[in-house]
Amino acid sequence: MEEGKRLTCPVVARTQAAEGHVELILQSRALARAVPGQFAHILTPGVLRRPISFSRIESENDLIGLLFQVVGSGTRWLAERSIGNELDVLGPLGNGFPAPDPMKPWAAVGGGVGVPPLFAAVQKWSHLTGDRPEIIIGARTAGWVVMENDFKELGIEPIVTTDDGSKGQKGNVADPLSLWLDNHNEAQVYACGPIPMLQAVRRLSAGRATTYLALEQRMGCGIGACLACVVPTVGDFGLSYRRVCTDGPVFRGEEMMW
Ligand SMILES: Cc1cc2nc3c(=O)[nH]c(=O)nc-3n(C[C@H](O)[C@H](O)[C@H](O)COP(=O)(O)OP(=O)(O)OC[C@H]3O[C@@H](n4cnc5c(N)ncnc54)[C@H](O)[C@@H]3O)c2cc1C
Ligand code: FES
């Protein structure tokens, strides 16, 4: 795995992924060697870079995707990029997900813009496990559901939940995950989304599944130097503060001090 290089990457495609959500496809041989769950740190006007996970990784054609919601000035600027523009990117950064154990049932649970790194994981590893992974994706409302069709193109029908019931099951991802865990032993659950969602996934999975949680914490440098991203974790040596950008963004559920 190549890691953390400063790269200039051309935008080769741009799609409107959902209301207020854009996906850019970049060409980069180095980024296309990334592991799902790793991220790119992208220079936008101003001081800070913006971290975005890889939404797809196609190493055979040196392409990667970045799917993001427009929430502020950095993502607005990114959403205005078009084919031929070049981005200044540090990456791939972070640890990424481990490959799933092919002998164990696997569920991927994503909320909002937490779905893209899980799609990259399923795209890379779904053929490894005997049964197709269970995919549960949630959003606030129908217009914000992302990557549903991408999963369908892999031959997997995701369970969709929306907070307002405008698409799929009304509610959040916890109910279908709980049901799935009731019917699967020694499972593995990969998740990414808002902190309350990750807390619910961790709580439901405790003692029943190995859980990997990808955190989308606010960041500064992205390379381990500024400590803006630390989170309290617990391990063999008790409490420790760990950097989401370099020790994560993927942590095992039992490591989190929530
Ligand atoms: C490892 C990692 C991976 C990420 N992957 C994705 C991704 O795949 N797609 C995506 O859409 N976003 C992702 N994010 C979040 C993304 O980095 C932020 O939305 C972005 O930096 C906001 O920049 P901005 O200038 O547009 O908004 P700002 O002006 O910086 O902020 C606008 C609003 O968004 C809030 N905000 C900013 N950053 C975050 C954050 N990290 N978490 C929660 N709220 C935030 C601010 O509090 C503020 O209310 C990821 C973050 C991390 C750390
Ligand atoms: S963002 Fe600077 S140490 Fe993590």
Original post:
Which one of these does residue 161 not meet: (1) without any contact (Cβ under 8 Å) to a residue 40 or more places away in the chain; (2) in a helix (DSSP H, G or I); (3) not acidic (Asp, Glu)?
Top reply: (2)
Subject >> Among (1) within 16 Å of ligand 2 (Cβ to nearest atom); (2) in contact with a Pro (Cβ under 6 Å, 6 or more places away or on another chain), the one test that residue 184 misses >> reply: (1)
Subject >> Residues that are away from ligand 2 (no atom under 16 Å from the Cβ) and either crowded, with 19+ Cβ neighbours inside 10 Å or under 26 Å from residue 190 (Cα atoms) (or both), drawn from segment 62-80 >> reply: 62, 63, 64, 65, 66, 67, 68, 69, 70, 71, 75, 78
**OP:** Determine if segment 237-249 includes at least one residue that is β-branched (Val, Ile, Thr) and surrounded by fewer than 15 Cβ atoms within 10 Å (Cβ to Cβ).
**Re:** no
Subject >> Matching residues in segment 3-29 - criterion: being more than 19 Å from the chain's Cα centre (by Cα) and more than 19 Å from residue 116 (Cβ to Cβ) >> reply: 5, 6, 7, 8, 10, 29
Original post:
Are any residues in segment 221-243 of a type outside the set (A, V, I, L, M, F, W, C), more than 10 Å from ligand 1 (Cβ to nearest atom) and closer than 23 Å to residue 111 by Cα, and if so, which ones?
Top reply: 232, 233, 243
Subject >> Selection within segment 34-53 - at positive phi and either without any contact (Cβ under 8 Å) to a residue 24 or more places away in the chain or within 15 Å of the chain's Cα centre (by Cα) (or both) >> reply: 37
Original post:
In segment 66-89, what count of residues is obtained for those that are of a type outside the set (S, T, N, Q) and either free of Cβ contacts under 8 Å to residues at least 40 places away in the same chain or assigned by TED's automatic domain parsing to the domain that holds residue 117 (or both)?
Top reply: 6
Subject >> Residue in segment 217-229 that is assigned to a helix (DSSP H, G or I), touching a strand residue (DSSP E or B) at 6+ places or on another chain (Cβ under 6 Å), under 21 Å from residue 69 (Cβ atoms) and of a type in the set (A, V, I, L, M) present >> reply: no
**OP:** Just need a number here: residues in segment 177-195 that are within 12 Å of ligand 1 (Cβ to nearest atom) and surrounded by fewer than 19 Cβ atoms within 10 Å (Cβ to Cβ).
**Re:** 2
**OP:** Pull up segment 127-163, narrow it to residues that are among the hydroxyl-bearing types (Ser, Thr, Tyr) and surrounded by 21 or more Cβ atoms within 10 Å (Cβ to Cβ), then point me to the one that is farthest from residue 188 (Cα to Cα).
**Re:** 162
Subject >> Breaking point among (1) within 16 Å of ligand 1 (Cβ to nearest atom); (2) part of a loop (DSSP other than H, G, I, E, B), for residue 198 >> reply: (2)
Original post:
Within the bounds of segment 85-93, is there any residue that is at pLDDT 95 or above and within 7 Å of ligand 1 (Cβ to nearest atom)?
Top reply: no
**OP:** Determine whether segment 167-184 contains at least one residue that is more than 20 Å from the chain's Cα centre (by Cα), in contact (Cβ under 8 Å) with a residue 40 or more places away in the chain and assigned to a loop (DSSP other than H, G, I, E, B).
**Re:** yes
Original post:
If you check residue 211 against the conditions, is it more than 14 Å from ligand 1 (Cβ to nearest atom), closer than 30 Å to residue 132 by Cβ and among the hydroxyl-bearing types (Ser, Thr, Tyr)?
Top reply: yes
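The values are calculated or read from the model by the stated rules, or taken from the named source; none is laboratory data. Here the structure is a predicted model, which means the values were calculated and not measured. Please note: Cβ atoms are built from the backbone with ideal geometry, for glycine as well, and neighbour counts cover all protein chains shown.
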